[in-house]
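A short write-up of the structure that comes next.
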Amino acid sequence: MSASESTVHTSDLPLPLARRGKVRDVYAVGDDRLLMVASDRVSAFDVVLPQPVPRKGEVLTQITAWWLARLEALGIDHHLITADPDEIVRAVPELEPYREAWARRAMLVHRTDPIMVECVIRGYISGSAWKEYRRSGTLAGEPLPEGLVESQRLDPPIFSPATKAVEGHDENITFDTVVELEGAETADWLRDTSLAIYEHGRATAAERGIILADTKFEFGRTADGRILLIDEVLTPDSSRYWPADTYQPGRGQPSLDKQPIRDYLDSLNWDKRPPPPDLPDHVVHETTRRYQEIFRRLTGVELDAFVASPSASRPAPQEEPAP
Ligand SMILES: Nc1ncnc2c1ncn2[C@@H]1O[C@H](COP(=O)(O)OP(=O)(O)O)[C@@H](O)[C@H]1O
Ligand SMILES: [Mg+2]
């Protein structure tokens, strides 16, 4: 079976299941590592749709690996050990017979204790932030300049944290609440680190004709007290990616990835509550194509040709001195 024909809706690997999220099946590997398997499940309006999108999980994992290699070079500590299937099998040999179910969509990561704050950075005003601003002229409870229009660029970008709700919708919180939860020093660090990563992401995407409108980071603590960047990073699921060539402030922008699904769902009389409607094949195919296109535009490499090797960005093993 070729990769494009194989979709994974729900994985079932011979490891203890730590958690099944909206998109990821997370398995424990010993006490201190996790195998995070991104499925092809897709959600819209916070509801998981019945049809998986082929290759979506692979794209999310490979995009995360690509960004993390760049961020590592900038000195950002993160959770990824490897996304290379051969390295994963070396670390967890019992996975070998099940490659079809996880290869290229799985990451082996350091297990952390997640900090329960979603670190959202907004460089353009959209979605729930636009709704809040229109209602009260604020973002995350702090006043913003008057006269902003929908999708307008924000300079500097704004840290607008949210609680990490175990169930249901995340709730926006103020920076003061982050200080109460995590202490002033950690709160400052989370904000400043998130802003720095976003700025790098926004500039990198802009060079490629893509607007990184906003994004969400998660961080977690290791047993020895370090804070690592965890979860997916700068993926289309955790970020709003817009095409730069059609950008026009004053209205909502099309999504580079999910627009075909949104357009289809908007054409129905669905009330956005479960159960969700089925997606026709052409919508699924167009969405698959979009995800691969984002990967290619961002990285400059075709998805099929890309081999994630985060180890390549680590210092090479010491070589024997030349005679
Ligand atoms: N290194 C890590 N250590 C512990 N938990 C992690 C790590 N990386 C990601 N996670 C958690 O794993 C889950 C990923 O599954 P996902 O399907 O994205 O869940 P969700 O529905 O909460 O978004 C998230 O709850 C995330 O916080
Ligand atoms: Mg998630």
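From the alpha carbon gyration tensor of the chain, can you work out the equivalent ellipsoid semi-axes (sqrt of 5 times each eigenvalue) and give them in Å, largest to smallest? Write down the numbers at each step before the final one.
Numbers: eigenvalues 185, 130, 80 Å².
Rounded to whole Å, the semi-axes are 30, 26, 20.
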Checklist entry - Expressed in nm to one decimal, what extension gain is obtained for the pair HIS282 and VAL179 from 0.36 nm per residue of sequence separation less their Cα-Cα distance? => result 32.3 nm
Checklist entry - Volume per residue, Å³, of the convex hull around the alpha-carbon atoms of region 1-111? => result 112
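Taking all protein chains in place and a 1.4 Å probe, what share, in percent, of the accessible surface of region 96-226 do carbon and sulfur account for? Could you put the intermediate results ahead of the total?
Values: 3170 of 6350 Å².
Carbon-and-sulfur percentage of accessible area, whole number: 50.
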Checklist outcome for this item: Under Stokes-Einstein, region 1-62 at 20 °C and 1.002 mPa s, with its Kirkwood radius over C-alpha pairs, diffuses with a coefficient in µm²/s of 174
Checklist entry - Two-decimal Rg/Rh of region 175-222 from alpha-carbon positions, Kirkwood Rh? => result 1.09
Item to check | Per-selection metrics, region 69-183 (Cα): Rg and Dmax in Å | outcome: 19.6, 59
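Given a 1.4 angstrom probe, what's the average accessible area per residue across the chain, in square angstrom? Spell out each step's value before the answer.
Details: 15570 Å² over 323 residues.
Per-residue value: 48 Å².
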Next on the checklist: Students often check this: by mean Cβ neighbours within 10 Å, which of 182-188, 256-262 ranks highest, and how do the rest follow?
Outcome noted: 256-262, 182-188
Item to check | Under the Debye formula (equal points on every Cα, no solvent term), log10 I(q)/I(0) of region 181-310 at q = 0.11, 0.16, 0.21 Å⁻¹ | outcome: -0.55, -0.99, -1.27
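Can you give the percent of C-alpha pairs in region 114-243 whose distance is more than 23 Å?
Roughly 31 percent, once rounded to a whole number.
At a Förster radius of 22 Å, what calculated FRET efficiency corresponds to the Cβ-Cβ distance of VAL48 and ALA165, to the nearest 0.05?
Approximately 0.85, to the nearest 0.05.
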Checklist outcome for this item: Rg/Rh of region 106-145 (Cα atoms, Kirkwood Rh), to two decimals, equals 1.21
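Calculate, in nm to one decimal, what ARG134 and THR299 gain on full extension: separation in residues at 0.36 nm each, minus their alpha carbon distance. Before the final figure, lay out the partial values.
Working: separation 165, 0.36 × 165 = 59.40 nm, distance 3.57 nm.
Between ARG134 and THR299, full extension yields 55.8 nm more.
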Item to check | Computed helical MRE - 222 nm, the chain, DSSP H runs ≥ 4 contributing -39500 (n - 2.57), nearest 500 | outcome: -9500 deg cm²/dmol
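For the peptides 92-101, 265-274, what is the packing order when you average, over each peptide's residues, the other Cβ atoms within 10 Å and list the highest mean first?
Working: 92-101: 14.1, 265-274: 10.2.
Taking the mean over residues of other Cβ atoms within 10 Å, the ranking is 92-101, 265-274.
Using Cα pairs under 8 angstrom and six or more residues apart, how large is the relative contact order of the chain, in percent? Before the final figure, lay out each step's value.
Details: 543 pairs, mean separation 65.0, N = 323.
Relative contact order of the chain: 20 percent.
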Item to check | Label-zone membership for region 46-67, site ASP271, 7 angstrom Cα→C-beta point, backbone N under 18 Å | outcome: 46-48
Checklist entry - For the modelled label position 7 Å from the Cα of GLU94 along Cα-to-Cβ, which residues of region 17-45 have backbone nitrogen atoms closer than 19 Å? => result 17-20, 25-37
Checklist entry - In debye to the nearest 20, how big a dipole does region 1-111 give about its Cα centre with +1 on each Lys and Arg Cβ and -1 on each Asp and Glu Cβ? => result 360
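The values are calculated or read from the model by the stated rules, or taken from the named source; none is laboratory data. Fair warning: this is a prediction, and the values are worked out from it, not measured in the lab. Cβ sites come from the backbone with ideal geometry, for glycine too, and all protein chains shown count toward neighbours. What goes into the accessible areas is simple: the full protein's heavy atoms, side chains included, and nothing from ligands, DNA or RNA. Shrake-Rupley method; radii C 1.70, N 1.55, O 1.52, S 1.80 Å.
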